[in-house]
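Only one structure is covered here, and it is reproduced in the block below.
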Amino acid sequence: MPTTEPSGGTTTPSGGSEPRQPDRPLTVLLTNFKLSGRSGTETLTRNIALELRRQGHRPLVYSPIHGPIVEELRGASIPVTDDIGSITVKPDIIHGHHLPACTTAAIRFRDRPAIFFCHDFQQWHDRPPSLPNLRHFLAHGPAVMDRLTVEGGVPEQAVRIMPNPVDLRRFQPGPPLPARARRVALFAKGRGYLPVIREACAKLGLELEVFGSPVDRLVAEPEAVMPEFDIIVGTGLTALESIATGRAALVCDPRGLAGLCTLERFPHYRRNNFGLRLLDKPLNATTIATELAAYDAADAAAISAALRAEAGLDRYVERLVAFYREVMRDFAQAAVDEDAWPLAIARHLQAWGPRPDNAWPWMQEREALMDRVAELETGAAALRADEHYGFYASEPRRWCRRVAGFANAERSGTWTVGDETSFTFAIPPGLAGTQRLEFRLRPLLHPAGPERDVDVIVNGRLVAEWRFRGVESSERRETVDLPPGTIGPAGQIWVLLRIINPQSPRELSGSADGRRLGVTLISLAWRPGQEADGAG
């Protein structure tokens, strides 16, 4: 049976019997499906890699999709790659997050042991791979353990429970809480529950601020923001981090309400990783207000002290390394049957390769995205064919909804800011054939930064890759063809520009502008009924 410490802390491998030894440093290959945002798994991958490095080990990171965390890791001398073939160093062990990336690494280094860490009860990419060198699994709580052992076919004795840690160096205690709460922060995971949260706070006279991608207000340094509030609403790692800073935590997200974390509830909440299994109360203003009214400053301080005593990242990684060594010993003692590999790879391809229907989980995600796009309100009429619609300040029409990643509009256009810029608009519904978008833009090119790369994703499909080279930021025209099936029947279009290598004018020329820019968007035109010719 998997075990946890009574307080809900991490598992001690081998029942705690392994003595601490001056073993050699380990080379650990960490995998993650993407490192393009600040999700809980992405943050945990970052934290583990940094702490492994601090403790003298050699972390390597493989992730097909890159974003801000990659530069942070590289800044700490931790190599990150999106090409599994570029890794010529053989790791001692593979620490896998997410099925696609973990499987790729485990097959690439099939003579090395691998572990798979499941973090989500529902997402397709947290289903466990089935490969000969993958015999040990981690789960952050009982819910995902059940997914592994009941839905994933993993033997119960192969699973260890390790609730998530907190980087206590980063998330320091803030000022003492007031006797009566005044300010509440919601780190939102969706928009649907915002009205009832606002209503509950209003009933109690609490000031509410909302952060997160649903309101286009991302927070790069939550450790600096959290201490400014008395109560923080969130689940999972957000709840852990808020408690570490000494704040009261209301455990709640769009899936449901658990309640205010009290000292009595804390062990149960901790064992279940402040996650899905706790969210069993209805999301209504009355229930939420009742939980908020239970705020107790002294109780919150005691919970914070209890968490900080057992949930630190340094202790977590020490136990993780002990687990790595146990897995390595087991792997060395029980050789892999090489004849098992062809069947294992064939079964993986059979389960996850393309099929004639839409039953693949990643295709279902795309269909769900297209449904969401169809429901979006742009607040504007459909574009007219062959007209140019401007991104510049003097454009009189409200023709698109800017979702994220835009600077303020200027006379000549609007800069993309950061790694991703997205916007939505509509064309007339029910059109057949290939549709074409024509962009006028100006890439940021400079002798100190003569390359700019942009992936163009429309309604969840990668449709173009722009590669700009040179030292002059002259105007360009780029066309993007949208094959049949890219646009839903309502005519809604969601464009995501993924800027692979944004840079700031401060980096390039020493100016005071620290914004990470990619391209200036000038205008867009829709050309109907084009035949795809590979342009753009």
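The values are calculated or read from the model by the stated rules, or taken from the named source; none is laboratory data. Treat the numbers as computed from the prediction; the structure is a model and nothing was measured. No Cβ is skipped: glycine too gets one built from the backbone with ideal geometry, and neighbour counts run over all protein chains shown.
Scanning region 315-335 for any residue that is free of Cβ contacts under 8 Å to residues at least 40 places away in the same chain, surrounded by fewer than 17 Cβ atoms within 10 Å (Cβ to Cβ) and either under 16 Å from ILE107 (Cβ atoms) or within 25 Å of the chain's Cα centre (by Cα) (or both) turns up nothing.
Does region 490-512 contain at least one residue that is small (Gly, Ala, Ser), under 17 Å from TRP415 (Cα atoms) and surrounded by 17 or more Cβ atoms within 10 Å (Cβ to Cβ)? Among the residues of region 490-512, at least one is small (Gly, Ala, Ser), under 17 Å from TRP415 (Cα atoms) and surrounded by 17 or more Cβ atoms within 10 Å (Cβ to Cβ), which makes the answer yes.
Kindly check whether there is at least one residue in region 179-186 that is assigned to a helix (DSSP H, G or I), of a type outside the set (S, T, N, Q), modelled with pLDDT of 90 or more and farther than 15 Å from SER304 by Cβ. Within region 179-186, none of the residues are assigned to a helix (DSSP H, G or I), of a type outside the set (S, T, N, Q), modelled with pLDDT of 90 or more and farther than 15 Å from SER304 by Cβ. Of the candidates ALA409, ALA432, ALA385, the single residue that is within 14 Å of SER523 (Cα to Cα), hydrophobic (A, V, I, L, M, F, W, C) and loosely packed, with under 15 Cβ neighbours inside 10 Å is ALA385. Screening CYS400 against (1) at pLDDT below 80; (2) buried (at least 17 other Cβ atoms within 10 Å of the Cβ) leaves a single unmet condition, (1).
Residue by residue through region 464-510, note down the ones that are charged (D, E, K, R), assigned to a strand (DSSP E or B) and either free of Cβ contacts under 8 Å to residues at least 60 places away in the same chain or touching a His at 6+ places or on another chain (Cβ under 7 Å) (or both). Listed by number, the residues that qualify are GLU465, ARG467, ARG469, ARG476, ARG477, GLU478, ASP481. Of ALA309, ALA289, ALA300, all but one fail to be out of contact with any helix residue (DSSP H, G or I) (no Cβ under 7 Å at 6 or more places or on another chain), over 12 Å from ALA249 (Cβ atoms) and assigned to a helix (DSSP H, G or I); the exception is ALA309. Once region 470-493 is narrowed to residues that are within 17 Å of VAL456 (Cβ to Cβ) and of a type in the set (Asp, Glu), the residue that is modelled with the lowest pLDDT is ASP481. At least 1 residues being in contact with a Ser or Thr (Cβ under 6 Å, 6 or more places away or on another chain) is the threshold, and among the helices (runs of 4 or more DSSP H) wholly inside region 27-128 those reaching it are 99-108.
Cβ separations smaller than 7 Å between residues 6+ apart or across chains give the following pairs from region 68-90 residues that are in contact (Cβ under 8 Å) with a residue 40 or more places away in the chain to residues that are exposed (fewer than 15 other Cβ atoms within 10 Å of the Cβ): VAL80/ARG74. Against the condition closer than 30 Å to ARG160 by Cβ, crowded, with 16+ Cβ neighbours inside 10 Å and of a type in the set (A, V, I, L, M, F, W, C), how does LEU263 come out, does it pass? When the stated conditions are applied, LEU263 does not pass them. Taking only region 122-158 into account, find how many residues are surrounded by fewer than 18 Cβ atoms within 10 Å (Cβ to Cβ) and hydrophobic (A, V, I, L, M, F, W, C). Result for region 122-158: 3.
Under the condition of being of a type in the set (Val, Ile, Thr) and over 21 Å from ALA301 (Cβ atoms), which residue from region 175-207 is surrounded by the fewest Cβ atoms within 10 Å (Cβ to Cβ)? Among them, the one singled out is VAL196. Being over 13 Å from ASP253 (Cα atoms) and in contact (Cβ under 8 Å) with a residue 24 or more places away in the chain is the filter here; which residues of region 186-210 pass it? Answer for region 186-210, where residues must be over 13 Å from ASP253 (Cα atoms) and in contact (Cβ under 8 Å) with a residue 24 or more places away in the chain: GLU199, ALA200, CYS201, LYS203, LEU204, LEU206, GLU207, LEU208, GLU209. Here PRO59 clears all of (1) buried (at least 16 other Cβ atoms within 10 Å of the Cβ); (2) at pLDDT below 90 except the condition numbered (2). Scanning region 251-267 for residues that are outside any loop (DSSP other than H, G, I, E, B) and without any contact (Cβ under 8 Å) to a residue 40 or more places away in the chain yields VAL251, GLY256, LEU257, ALA258, GLY259, LEU260.
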